[in-house]
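**Q** Here it is: the structure, laid out below.
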Ligand code: F3S
Ligand code: F3S
């Protein structure tokens, strides 16, 4: 069976980097990430086996211990507290997220009213919020933009994983709210790249397999996009593959959500390669 | 006959101010505006009678003479040359235009690539261009925005009389050209106010008279908008009024383009008030 992997799939640059930093900085002492490093229980437990645990607050880390900041980033208070407590900080904040935090911070310092376009409860958005003096508005729809008051000087940043098309629509509503707007488009290309690569591949194959949590928003979106192009199945692991799917199929494409570890992708890949339809 | 004037009509704040400054600064010596003060020959010849002439270049003004900068404004070179020549400068640049010039200038000084949304050959746009180091792009359509290259840091200003709706559409295309955009919306409310006031009035009357040059873009636009609401006639002066228009008409509304002098409006108003339809 011919099986092709999407040009971009699975972990993005920022998540790969964070996992690498966590692994290489775990030894010798115990280390902990503040919050789970990604939304994938298998990955979290693998890291735990390697000595990288998870805590929910700095209080759980012993003095002089190591805290790993995950790719989503954190607000300035955490850095201050870690310094006060003399903790060893491994900062695995994704550089793209860092850029969004610093952009929001400098807009705030320049006296602009910051608006963050993103999901209110997303940890990355919370961190950007904390870098913009806690006075930022967070909006994720055109309707929410319309509800804002008139603003003198407005500064805009985005959650890195926000949809570019939606960002554009929301910003065009913000243009009615202020005559002086500084927009820093801090959207990272990973999500777009993954979606484009998935669509490209879906057009060339007889069947697409999209691997990732059934409750993962970005995986579900990949599956939606692929299903417009070809027969598509959304699976969490290789065990879900079913013999009848392979009838009349010659070419299979594979893509995976942003929190799907490599080894799960490889398993599906191998199983498809050697599939003997009978 | 009941005749109602639109709440806003004719000369805008900036033009009224420029004419006032020209008149009060003409005496004692001869004074000249650089370019015609407005696009209305009657007004220009009235001012000439009062001692305010028109020149096309500073060379035509004698040393120690007076130059009047009209509401559209001029670039920094003119101020420098006037200073060198020791001319007396009466700066009647509209404050809204000044704001656009200074906005473009400071964006340019901050190292941003300036984009001016406006008409390339409009004298105001030329002046803003000269304040932004001559390297600005001038665009007036979404298609022209799409043709721009990718830009690192982008600064946007607008011709003061540009349409707010069109500005919004063009800016939303510019969002695809740069990840760091500072937008200063230098549109003045005069045009909008005039249009809204004209529509409001058109809805209450049996006939609208729109006074202004047949080749004036803003007057033609007013006539278009009014004609959607009620019977509308576009005239240049009171002599064009025709008896048959007044059949069955009880209430007349009047508006006028931005370059229509008060006395022409008054003439039309008086003639309508005393019209006896027979
Ligand atoms: S974590 Fe990933 S999605 Fe982008 S912002 Fe960083 S590369
Ligand atoms: S000249 Fe008039 S149209 Fe506005 S920018 Fe000044 S008030």
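Read the figures in this text as sums done on the coordinates, not as results from a lab. Given the structure is predicted, the values throughout are model-derived calculations rather than measurements. For neighbour counting, all protein chains shown are included, and Cβ atoms are generated from backbone atoms with ideal geometry for every residue, glycine included.
**Q** Could you tell me whether region A:25-43 includes any residue that is within 16 Å of ligand 1 (Cβ to nearest atom), assigned to a helix (DSSP H, G or I) and more than 14 Å from every other protein chain (Cβ to nearest Cβ)? Don't jump to the end; show me each part of the working.
**A** Filtering region A:25-43 for residues within 16 Å of ligand 1 (Cβ to nearest atom) gives A:33-40, A:43.
If we keep only those that are assigned to a helix (DSSP H, G or I) too, we end up with A:43.
Still in the running and more than 14 Å from every other protein chain (Cβ to nearest Cβ): A:43.
Checked against the condition, which is being within 16 Å of ligand 1 (Cβ to nearest atom), assigned to a helix (DSSP H, G or I) and more than 14 Å from every other protein chain (Cβ to nearest Cβ), region A:25-43 yields at least one hit.
**Q** Right, another one. Scan region B:1-18 for residues that are surrounded by fewer than 22 Cβ atoms within 10 Å (Cβ to Cβ) and closer than 16 Å to residue B:69 by Cβ and jot them down.
**A** The answer is B:16, B:17.
**Q** Restricting region A:147-182 to residues that are assigned to a helix (DSSP H, G or I) and more than 22 Å from residue A:122 (Cα to Cα), which is farthest from the other protein chains (Cβ to nearest Cβ)? Before the answer, list the steps.
**A** Our first condition is that a residue be assigned to a helix (DSSP H, G or I); within region A:147-182, this holds for A:147, A:164-174.
If we keep only those that are more than 22 Å from residue A:122 (Cα to Cα) too, we end up with A:172-173.
Numbers: A:172: 4, A:173: 9 Å.
If we take residues in region A:147-182 being assigned to a helix (DSSP H, G or I) and more than 22 Å from residue A:122 (Cα to Cα), then A:173 is farthest from the other protein chains (Cβ to nearest Cβ).
**Q** Just checking, how many residues over region B:204-227 are out of contact with any helix residue (DSSP H, G or I) (no Cβ under 8 Å at 6 or more places or on another chain), assigned to a loop (DSSP other than H, G, I, E, B) and closer than 23 Å to residue B:164 by Cα?
**A** Within region B:204-227, residues that are out of contact with any helix residue (DSSP H, G or I) (no Cβ under 8 Å at 6 or more places or on another chain), assigned to a loop (DSSP other than H, G, I, E, B) and closer than 23 Å to residue B:164 by Cα number 2.
**Q** Can you confirm whether residue B:71 is in contact with a strand residue (DSSP E or B) (Cβ under 8 Å, 6 or more places away or on another chain) and either away from ligand 1 (no atom under 16 Å from the Cβ) or more than 14 Å from chain A (Cβ to nearest Cβ) (or both)?
**A** On the way: in contact with a strand residue (DSSP E or B) (Cβ under 8 Å, 6 or more places away or on another chain): no; either away from ligand 1 (no atom under 16 Å from the Cβ) or more than 14 Å from chain A (Cβ to nearest Cβ) (or both): yes.
It is false that residue B:71 is in contact with a strand residue (DSSP E or B) (Cβ under 8 Å, 6 or more places away or on another chain) and either away from ligand 1 (no atom under 16 Å from the Cβ) or more than 14 Å from chain A (Cβ to nearest Cβ) (or both).
**Q** The conditions are (1) away from every other protein chain (no Cβ under 14 Å); (2) more than 22 Å from the chain's Cα centre (by Cα); (3) crowded, with 23+ Cβ neighbours inside 10 Å, and residue B:135 fails exactly one of them. Which is it?
**A** That leaves (3) as the condition not met.
**Q** Next question. I'm trying to understand the selection: among the residues of region A:183-203, which are within 14 Å of another protein chain (Cβ to nearest Cβ) and assigned to a helix (DSSP H, G or I)?
**A** Scanning region A:183-203 gives a single hit, A:192.
**Q** Pick from A:165, A:145: which is surrounded by fewer than 16 Cβ atoms within 10 Å (Cβ to Cβ) and without any contact (Cβ under 8 Å) to a residue 40 or more places away in the chain?
**A** Working: A:145 fails: surrounded by fewer than 16 Cβ atoms within 10 Å (Cβ to Cβ).
It is A:165.
**Q** Scan region B:22-35 for residues that are surrounded by fewer than 19 Cβ atoms within 10 Å (Cβ to Cβ) and within 14 Å of ligand 2 (Cβ to nearest atom) and jot them down. Give the derivation first.
**A** Filtering region B:22-35 down to residues surrounded by fewer than 19 Cβ atoms within 10 Å (Cβ to Cβ) leaves B:23-25, B:27-30, B:35.
Within region B:22-35, B:35 is the sole residue that qualifies.
**Q** Give me the residue from region B:50-88 that is surrounded by fewer than 16 Cβ atoms within 10 Å (Cβ to Cβ) and under 23 Å from residue B:186 (Cβ atoms) and, out of that set, farthest from ligand 2 (Cβ to nearest atom).
**A** B:77
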